[in-house]
Amino acid sequence: LDDGIRKAQRNPELALYKLQSAAYKYSWALIPISVPFVALLFLWRRRFKLYDHAIFVTYSLAFMMLLVTTVSLLMMVGAPGWTYGLLIAFGPPVHVFFQLRGAYQLNWFSALWRTFALGIFATITLTLFLFLLLGLGLME
């Protein structure tokens, strides 16, 4: 890891390219990292298994990638900043709320508190994924 950090300091453009490449290659790892956090929200509901949570996470990540693509296209065409700002701020929580309600047949309050909890879990998941990327990207 120390050798990777020295190489990154000598050539930051190459290090950024390696990190982007690692993010693309290892993005699938977000699924197994995320599933245990979703499962924590339903520990007392034996009806839902890890498979159900894996499907939920996969659909949610697919939506987030579509959101990133949409925001990128809006930025490329010169859309006002507030349009993609609103999408970034409200798209994920609104999507997760309605996805939770539909997938797990929750009432609005149960879906709402789980949406907030998943927001915290998503931050933890992204942090773990970034550490994974830094480790794998800099050691290549």
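The values are calculated or read from the model by the stated rules, or taken from the named source; none is laboratory data. This is a predicted model, so every value here is computed, not measured. Ideal geometry is used to build each Cβ from the backbone, glycine not excepted, and the neighbour counts take in all protein chains shown. Please note that ligands, DNA and RNA were not included when accessible areas were found on the heavy atoms of the full protein model with its side chains. Shrake-Rupley method; radii C 1.70, N 1.55, O 1.52, S 1.80 Å.
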Discussion item. Can you find, within the stretch 1-51, the residue that is nearest to THR127 (Cα to Cα) among those that are basic (Lys, Arg) and more than 18 Å from the chain's Cα centre (by Cα)?
Written reply: LYS18
Item to complete: Report yes if LEU86 is open to solvent by 50 Å² or more (accessible area, probe 1.4 Å) and not in a loop (DSSP other than H, G, I, E, B), otherwise no.
Response: yes
Practice prompt. Can you confirm whether the stretch 97-109 contains a residue that is touching a residue at least 24 places away in the same chain (Cβ under 8 Å) and open to solvent by 50 Å² or more (accessible area, probe 1.4 Å)?
Written response: yes
Worksheet item: Does TRP113 meet the test of being free of Cβ contacts under 8 Å to residues at least 24 places away in the same chain, more than 18 Å from the chain's Cα centre (by Cα), more than 27 Å from ALA15 (Cβ to Cβ) and surrounded by 11 or more Cβ atoms within 10 Å (Cβ to Cβ)?
Response: yes
Practice prompt. Identify the residue in the stretch 56-70 that is polar (S, T, N, Q) and open to solvent by 50 Å² or more (accessible area, probe 1.4 Å) and, among all such residues, is farthest from ILE31 (Cα to Cα).
Written response: THR70
Item to complete: Exactly one condition in (1) open to solvent by less than 60 Å² (accessible area, probe 1.4 Å); (2) within 30 Å of GLN105 (Cα to Cα); (3) at pLDDT 90 or above is not met by SER27; state its number.
Response: (3)
Item to complete: Filter the stretch 123-135 down to residues that are under 21 Å from ILE55 (Cα atoms) and either touching a residue at least 12 places away in the same chain (Cβ under 8 Å) or of a type in the set (D, E, K, R) (or both) and give me whichever is surrounded by the most Cβ atoms within 10 Å (Cβ to Cβ).
Response: THR125
Worksheet item: Assuming HIS53 fulfils every condition listed in (1) more than 18 Å from GLY119 (Cβ to Cβ); (2) open to solvent by less than 30 Å² (accessible area, probe 1.4 Å); (3) not in a loop (DSSP other than H, G, I, E, B) apart from one, which condition is it?
Response: (1)
